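Visitor: Attaching a single structure in structure tokens format; questions to follow.
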Amino acid sequence: MNQQSDSTFSDPFNPESLLKWYLEMGVDETIGDESVDRYAATAELLERKKAAAQVQQAQQAQQGGPRAPMMGKPAPVAQQQVQATDEMVHSAVEMARKAQSVEELREAVLSFEGCHLKKTAMNTVFADGNPKADIMFIGEAPGADEDRQGVPFVGASGKLLDKMLHSCGLEDEVGDRSKIYISNVLFWRPPGNRNPTLSEIAVCLPFVERHIELVDPKMIVMLGGAAAKAVLGVHDGISRLRGRWFTHATPGLSRPVQATALFHPAYLLRSPAQKRRAWGDLLSIVEKLETL
Ligand code: URA
């Protein structure tokens, strides 16, 4: 946040500064049926902080005065953030490694507290479809509809994807996901659908890799450049990645998995002229799947 927004939020009772802050944080919709009195909540918080400070002062007085300040400089904020992310990634790796089934992995993701997106999301969005399917699709992150329903790809882009999958025979009925499995790199919606940060991807990735290992599909298809970069560890944009084949290998996989990328359906909604290329890519995916 820049200095100006820091100073504008210095007064939590100023509605204009609060609104600006909400916008900067990506809040773009109201979801509750009843209004919440945030002023009362803030006043209560300030009261509690005041009371806690008074208790601390009283305790220090009993122990013969305030404690000496800690020696040495505290770590810079950026360094603290890197350390925190490292710890969370480590904890994600441990939790993911312990999961021996897709259901155990779902439980692990549901109980993981290391991704701060969980605090602003309404639901954890784990996966949909058949975990025994030969083909697994991996998108970027849940949007507003997915966050509300706790299911991936149920909004406008999901509807387009379902139609595409039905047209090429991967869904018997539009929306019948019994022949496919689908998930995302992130399990929680980034506020306002902003792009995921590298640290958000880093803390979710151990679960995604374990997810692929446990589903053990014949093929994975990343939807969009962000998912492709995260899972395949490549740097090219989606226009250069689509239509190419990769092998994805991790220690827990019995054999390397065939991997490719498709344009994200949300991009196809914005750029319908690209549907022709996506359709060609999808047909080669189906053709290849039949040979595996
Ligand atoms: N876009 C994604 O990448 N994933 C979803 O689940 C929905 C939209």
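Visitor: Considering only residues of region 89-128 that are of a type in the set (A, V, I, L, M, F, W, C) and touching a strand residue (DSSP E or B) at 6+ places or on another chain (Cβ under 8 Å), which is surrounded by the most Cβ atoms within 10 Å (Cβ to Cβ)?
Guide: Top of the filtered list is VAL125.
Visitor: Could you give every pair whose Cβ atoms fall below 8 Å, whose first residue belongs to region 151-164 and is in contact (Cβ under 8 Å) with a residue 24 or more places away in the chain, and whose second residue is open to solvent by 20 Å² or more (accessible area, probe 1.4 Å) and more than 10 Å from the ligand (Cβ to nearest atom), counting only separations of at least 6 or pairs across chains?
Guide: Final answer for the pair search is ALA156/LEU269; SER157/LEU269; LEU160/LEU269; MET164/TRP279.
Visitor: Right, another one. Do any residues in region 124-142 that are in a loop (DSSP other than H, G, I, E, B) have Cβ atoms under 7 Å from those of residues that are polar (S, T, N, Q), where the two are at least six apart or on different chains, and which pairs are they?
Guide: Here the result reads VAL125/ASN184; PHE126/SER183; ASN130/SER178; GLU140/ASN184; ALA141/ASN184; PRO142/ASN184, each pair linking region 124-142 to a residue that is polar (S, T, N, Q).
Visitor: Follow-up. Identify all residues within region 136-170 that are within 20 Å of ALA226 (Cβ to Cβ) and more than 12 Å from the ligand (Cβ to nearest atom); write none if there are none.
Guide: MET136, MET164
Visitor: Hey, another quick one. Can you name the condition, by its number, that ALA202 falls short on among (1) under 20 Å from ALA99 (Cβ atoms); (2) touching an Asp or Glu at 6+ places or on another chain (Cβ under 7 Å)?
Guide: For ALA202, the failing item is (2).
Visitor: Considering every residue within region 82-104, establish whether at least one is closer than 25 Å to GLN258 by Cα, within 16 Å of the ligand (Cβ to nearest atom) and of a type outside the set (A, V, I, L, M).
Guide: There is no residue in region 82-104 that is closer than 25 Å to GLN258 by Cα, within 16 Å of the ligand (Cβ to nearest atom) and of a type outside the set (A, V, I, L, M).
Visitor: Further question on the same structure: Scan region 184-200 and give yes if some residue there is touching a residue at least 40 places away in the same chain (Cβ under 8 Å) and of a type in the set (Asp, Glu), otherwise no.
Guide: yes
The values are calculated or read from the model by the stated rules, or taken from the named source; none is laboratory data. No experiment lies behind these values; they were computed from the predicted model shown. Cβ: placed from backbone, ideal geometry, glycine included. Neighbour counts: every protein chain shown. Heads up: the accessible areas ignore ligands, DNA and RNA and are worked out on the full protein's heavy atoms, side chains in. Shrake-Rupley method; radii C 1.70, N 1.55, O 1.52, S 1.80 Å.
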